[in-house]
Amino acid sequence: MNQLPRKTPKAIARSQVQRARILDAAAKSFTAEGIHAASMATVAKTAGMSVGLIYRYFESKSDIVQALIEQEVEETRIAFHEIGSSGELLDGILDAFAPWRRARAAGDTVNVALAHEIIAEATRVPAIAEAMQRADEAYREIFSEWIHDRALDQGIELSPAQVRQRALLLHIMIDGLFARAILEAGLKRTTLKSALRGLMQSLFTA
């Protein structure tokens, strides 16, 4: 049986660059027009490439959305591996809040406007809903591992049930901040910090 030729490192690198280019263009298009309204032609125009070339990398718009979901999960995983304490996490959240508010205009790949677009699309497309469910499970695993490890750093051993409950609380908090970034753009950093400090500390109370 004939075997397909292996891709060279150069070809693999080029493929990764092209995928990243498409995902960046898709994020901008979906944020500007909405996922449901934006077409593959819109994404292609934003990316500066042909629709046919995009179909070489993604079979459908749904596949692109799922890739964006997976990309965000991986970026979150990397970010949490670099956060050493609850104070660092709180500062990171506060630092991110202002850019989240500006994200719709900036067209960033990862932004709250796009996140809400994906949630809305999940109500219409089962494959995206399933991808969101997998992402939620991955986020909960990332948060659980981080909470468990940071608690041990403080000499606190939490039960598996406690870790799961607090990972859920952290997840709900972050999701809520995404909504606040859109609905309450004038929320001050000092107010937010005061409100969140106690909640962050409660994650590690035995």
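Some points to look at:
- Counting only helices (runs of 4 or more DSSP H) wholly contained in the range 1-98, the ones carrying 3 or more residues that are in contact (Cβ under 8 Å) with a residue 40 or more places away in the chain and open to solvent by 40 Å² or more (accessible area, probe 1.4 Å) occupy 9-33, 61-81.
- Residue count for the range 177-194, restricted to those that are of a type outside the set (Ser, Thr, Tyr), exposed (fewer than 11 other Cβ atoms within 10 Å of the Cβ) and in a helix (DSSP H, G or I): 1.
- Only one entry of Met132, Met173 meets the criterion of being within 17 Å of Ser85 (Cβ to Cβ) and either open to solvent by less than 30 Å² (accessible area, probe 1.4 Å) or in a helix (DSSP H, G or I) (or both), and that entry is Met173.
- Test for Ser62: is it at pLDDT below 95 and closer than 18 Å to Glu121 by Cβ: no
Residue by residue, here is whether (1) within 22 Å of His36 (Cα to Cα); (2) at pLDDT below 90 holds:
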position: Ile69; (1), (2): yes, no
position: Glu72; (1), (2): yes, no
position: Arg77; (1), (2): no, no
position: Leu89; (1), (2): no, no
position: Leu114; (1), (2): yes, yes
position: Ala122; (1), (2): yes, no
position: Ala127; (1), (2): yes, no
position: Ala135; (1), (2): yes, no
position: Ile142; (1), (2): no, no
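- Residue check, Leu199 in contact with a helix residue (DSSP H, G or I) (Cβ under 7 Å, 6 or more places away or on another chain) and surrounded by 16 or more Cβ atoms within 10 Å (Cβ to Cβ): no
The values are calculated or read from the model by the stated rules, or taken from the named source; none is laboratory data. Computed from a predicted model, the values in this text were never measured in an experiment. Glycine gets a Cβ as well: all are built from the backbone with ideal geometry, and neighbour counts include every protein chain shown. With ligands, DNA and RNA removed, areas are computed over all heavy atoms of the protein, side chains included. Shrake-Rupley method; radii C 1.70, N 1.55, O 1.52, S 1.80 Å.
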